[in-house]
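This report concerns only the one structure given below.
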Amino acid sequence: MRLRVLGCSGGIGDGGHTTSFLVDDDLLIDAGTGVCGLDIAALARIDHVFVTHAHLDHVCGLAFIIDSVFGHRRAPLRVHALPATLAALRDHMFNGVIWPDFTRLRSHGQPSLEFIEFDVGAVFESAGRRVEALPAAHQVPAVGYRVDAPSGRSFVFTGDTAACPARWDAVNRIPDLALLVIETAFCNAEADLALRSQHLCPASLADDIAALAARPALRITHLKPSDAQLTMEEVRAAIPRFDPLPLRDGEVFTF
Ligand SMILES: [Zn+2]
Ligand SMILES: [Zn+2]
């Protein structure tokens with residue numbers, strides 16, 4: 001199984017793209033601006049999108065993917081997310097005003113877009129891969145994802161989140177956790193903003209991650225472009241034993 005980072009920035013500018021991870025060719029986790037670099041053929045191979053939450057930096061690409069592949073696919077593009085996330089997409093994006101309601105637009109006799117409710121703890125399996133929704137704590141209903149490869153190795157993406165003890169209960173049950181991608185959206189000077197917007201800063205990351213039992217490779221995501229360097233310096237100082245590195249657009253991991 002291959003994980004390709006299409007976007008992992010907390011914003012745009014300086015070449016950054018917002019959150020989107022491609023698993024093999026057919027599974028997408030979040031659909032931020034990172035998907036904009038894929039060609040039409042690659043976009044058309046995406047069968048399932050697992051959305052962490054409804055914030056625009058994680059879903060804006062959905063509108064453009066379905067528009068670009070309309071007519072190119074024989075099966076619906078399936079979007080898996082919490083009921084509240086799907087309701088937000090329906091009400092505020094695919095509402096016939098901001099964008100057409102592609103769940104009602106048919107292509108080759110099928111709906112072009114299908115919404116599938118996916119609650120915390122739900123498991124999706126395809127071709128020996130397993131995707132499980134994990135708890136998260138954010139301003140809006142949100143999840144993270146655990147993805148298991150056919151090899152038995154796993155990665156976890158926390159999504160946007162503040163400290164979340166329930167996440168670690170689930171993560172600590174994973175037998176072979178190879179990679180943890182965790183957000184740290186703000187530097188310590190913005191700790192108050194991080195708390196109010198339900199994100200992590202290096203200090204709260206250190207408190208939160210103390211509950212992690214395993215020692216996987218650790219990558220930091222969702223860094224604000226303007227403070228990325230400072231935030232990473234603070235992360236390294238806060239949790240040196242985890243040897244944290246910033247996640248990079250274009251990075252590829254195999255499991
Ligand atoms: Zn968010
Ligand atoms: Zn975000």
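Search region 44-67 for residues that are away from ligand 1 (no atom under 16 Å from the Cβ) and pair each with any residue that is modelled with pLDDT under 95 when their beta-carbon atoms are under 6 Å apart and the residues are at least 6 apart or on different chains.
Listed by first residue and then by second, the contacts come to Ala44/His72; Ala44/Arg73.
If only one of Val5, Val79 is surrounded by 24 or more Cβ atoms within 10 Å (Cβ to Cβ), more than 16 Å from ligand 1 (Cβ to nearest atom), touching a residue at least 24 places away in the same chain (Cβ under 8 Å) and aliphatic (A, V, I, L, M), which one is it?
Exactly one residue qualifies, and that residue is Val79.
For region 114-152, enumerate the residues that are more than 16 Å from ligand 1 (Cβ to nearest atom), surrounded by fewer than 17 Cβ atoms within 10 Å (Cβ to Cβ) and part of a loop (DSSP other than H, G, I, E, B).
Passing the criteria: Asp119, Gly121, Ala122, Ala127, Gly128, Pro150, Ser151, Gly152.
Determine whether Gly32 is within 24 Å of Gln198 (Cβ to Cβ), within 16 Å of ligand 1 (Cβ to nearest atom) and in contact (Cβ under 8 Å) with a residue 24 or more places away in the chain.
Taking the combined requirement at face value, the residue satisfies it.
Among the candidates Leu56, Leu6, Leu62, which residue alone is within 16 Å of ligand 2 (Cβ to nearest atom), out of contact with any strand residue (DSSP E or B) (no Cβ under 8 Å at 6 or more places or on another chain) and of a type in the set (A, V, I, L, M)?
Leu56
Please find, within region 8-29, the residue that is farthest from Glu125 (Cα to Cα) out of those that are among the hydrophobic types (A, V, I, L, M, F, W, C) and within 16 Å of ligand 1 (Cβ to nearest atom).
Ile12
Here's the yes/no breakdown for (1) outside any loop (DSSP other than H, G, I, E, B); (2) open to solvent by less than 50 Å² (accessible area, probe 1.4 Å):
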residue: Leu22; (1), (2): yes, yes
residue: Asp25; (1), (2): no, no
residue: Leu28; (1), (2): yes, yes
residue: Ala42; (1), (2): yes, yes
residue: Ile46; (1), (2): no, yes
residue: Thr52; (1), (2): no, yes
residue: Val59; (1), (2): yes, yes
residue: Ile65; (1), (2): yes, yes
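The values are calculated or read from the model by the stated rules, or taken from the named source; none is laboratory data. Remember, it's a predicted structure, so these values are computed and weren't measured experimentally. Ideal geometry is used to build each Cβ from the backbone, glycine not excepted, and the neighbour counts take in all protein chains shown. Ligands, DNA and RNA are excluded from the accessible area calculation, which covers all protein heavy atoms including side chains. Shrake-Rupley method; radii C 1.70, N 1.55, O 1.52, S 1.80 Å.
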